[in-house]
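A.B. asks: I am attaching a structure below and will ask some questions about it afterwards.
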Amino acid sequence: MIVLRRNFYGVATITLLLSLSSCSSILPKPKPAPTVYRLSIPESTVPTSVIYSTVVNIEFPQAPRALSGTDIVLSPDGRRLTAAASASWAEPVPNQVRHALIDSLVSYEKVTGVVPKGGTRAPYRLNMQIRRFEAEFDNGAEAAPNALVHINVTLTDTKSRTLVGVYSVKTHARANTITVSSIVQAQDEATSEAMNNISAWLDNKLADQTKN
């Protein structure tokens with residue numbers, strides 16, 4: 001009886017040790033780091049002087065929660081939203097949109113977009129509301145999606161708080177393939193077009209204000 005009990009415990013001990021050693025093989029392996037993307041920065045010449053330029057505070061854009069982070073957002077049907085796997089933007093979408101607009105305005109000598117600071121006094125402020133910033137698989141899951149950008153803009157006189165103008169821009173660009181890199185490229189093209197449209201509208205609007 002004693003021998004049998006010793007053998008039993010011996011076997012149990014070995015079995016336990018083997019079970020513990022096998023645990024290391026079922027631990028999840030480290031996943032590769034996600035690929036991080038950013039919108040392109042336009043190449044433009046900075047004006048040598050901003051003496052006659054109208055300064056505009058570019059406020060932090062408002063956006064739905066799904067579009068407020070760093071997810072590269074996809075839509076299978078125009079209503080549902082999901083995020084691309086193993087990929088993200090370098091910074092939250094609202095940050096990127098604001099910086100993209102400021103970069104776009106660099107090529108306009110009579111308008112200077114700035115990020116509001118504590119001591120910054122600008123005669124105008126621009127608010128943006130991001131309505132759409134995603135790639136929609138409008139032709140099915142196996143076809144290249146359409147990158148969409150929809151932004152509503154309001155321009156306000158800082159001193160009087162009078163609404164100067166409103167503008168809504170909608171742009172799109174079709175990706176070449178269903179790869180994330182192609183989708184990012186299309187989103188970048190749609191964003192660039194939207195920023196150019198907003199910049200041109202803002203330039204014209206402020207020119208009208210100067211005439212008045």
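A.B. asks: Going by the conditions given, is VAL111 closer than 15 Å to LEU155 by Cα, buried (at least 16 other Cβ atoms within 10 Å of the Cβ), touching a strand residue (DSSP E or B) at 6+ places or on another chain (Cβ under 9 Å) and β-branched (Val, Ile, Thr)?
C.D. replies: Yes.
A.B. asks: On the given criteria, is ASN204 assigned to a helix (DSSP H, G or I), of a type in the set (S, T, N, Q), at negative phi and touching a residue at least 60 places away in the same chain (Cβ under 8 Å)?
C.D. replies: No, not satisfied.
A.B. asks: GLU134: under 18 Å from the mean Cα position of the chain (by Cα) and buried (at least 19 other Cβ atoms within 10 Å of the Cβ), yes or no? Let's see the steps before the verdict.
C.D. replies: Values: under 18 Å from the mean Cα position of the chain (by Cα): yes; buried (at least 19 other Cβ atoms within 10 Å of the Cβ): yes.
Yes: the conditions hold for GLU134.
A.B. asks: For region 105-133, how many residues are closer than 25 Å to VAL184 by Cα, modelled with pLDDT of 95 or more and in contact with a Gly (Cβ under 9 Å, 6 or more places away or on another chain)?
C.D. replies: 0
A.B. asks: Let me ask another. Can you name the residue in region 52-65 that is under 16 Å from GLU134 (Cα atoms) and out of contact with any strand residue (DSSP E or B) (no Cβ under 6 Å at 6 or more places or on another chain) and is also surrounded by the most Cβ atoms within 10 Å (Cβ to Cβ) among such residues?
C.D. replies: PRO64
Here is a yes/no grid of residues against (1) farther than 24 Å from LYS117 by Cβ; (2) of a type outside the set (A, V, I, L, M, F, W, C); (3) touching a residue at least 40 places away in the same chain (Cβ under 8 Å):
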{"site": "VAL56", "(1), (2), (3)": "no, no, yes"}
{"site": "ALA63", "(1), (2), (3)": "no, no, yes"}
{"site": "GLY69", "(1), (2), (3)": "yes, yes, no"}
{"site": "VAL73", "(1), (2), (3)": "yes, no, yes"}
{"site": "PRO76", "(1), (2), (3)": "yes, yes, yes"}
{"site": "ALA90", "(1), (2), (3)": "no, no, yes"}
{"site": "VAL93", "(1), (2), (3)": "no, no, yes"}
{"site": "ALA100", "(1), (2), (3)": "no, no, yes"}
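A.B. asks: Continuing with the same structure: Checking the condition of a type in the set (Gly, Ala, Ser), surrounded by fewer than 19 Cβ atoms within 10 Å (Cβ to Cβ) and under 20 Å from the mean Cα position of the chain (by Cα), which residue from SER192, SER160, SER182, SER199 passes?
C.D. replies: Details: SER192 fails: surrounded by fewer than 19 Cβ atoms within 10 Å (Cβ to Cβ); SER160 fails: under 20 Å from the mean Cα position of the chain (by Cα); SER199 fails: surrounded by fewer than 19 Cβ atoms within 10 Å (Cβ to Cβ).
So the residue among SER192, SER160, SER182, SER199 that is of a type in the set (Gly, Ala, Ser), surrounded by fewer than 19 Cβ atoms within 10 Å (Cβ to Cβ) and under 20 Å from the mean Cα position of the chain (by Cα) is SER182.
A.B. asks: I've got another one for you. Scanning for something of a type in the set (Ser, Thr, Tyr), modelled with pLDDT of 95 or more and in contact with a Gly (Cβ under 9 Å, 6 or more places away or on another chain), does region 175-197 turn up at least one residue?
C.D. replies: no
The values are calculated or read from the model by the stated rules, or taken from the named source; none is laboratory data. A quick note: this is a predicted structure, and the numbers were derived from the prediction, not measured. All Cβ positions, even for glycine, are placed from backbone atoms using ideal geometry, and neighbour counts span all protein chains on display.
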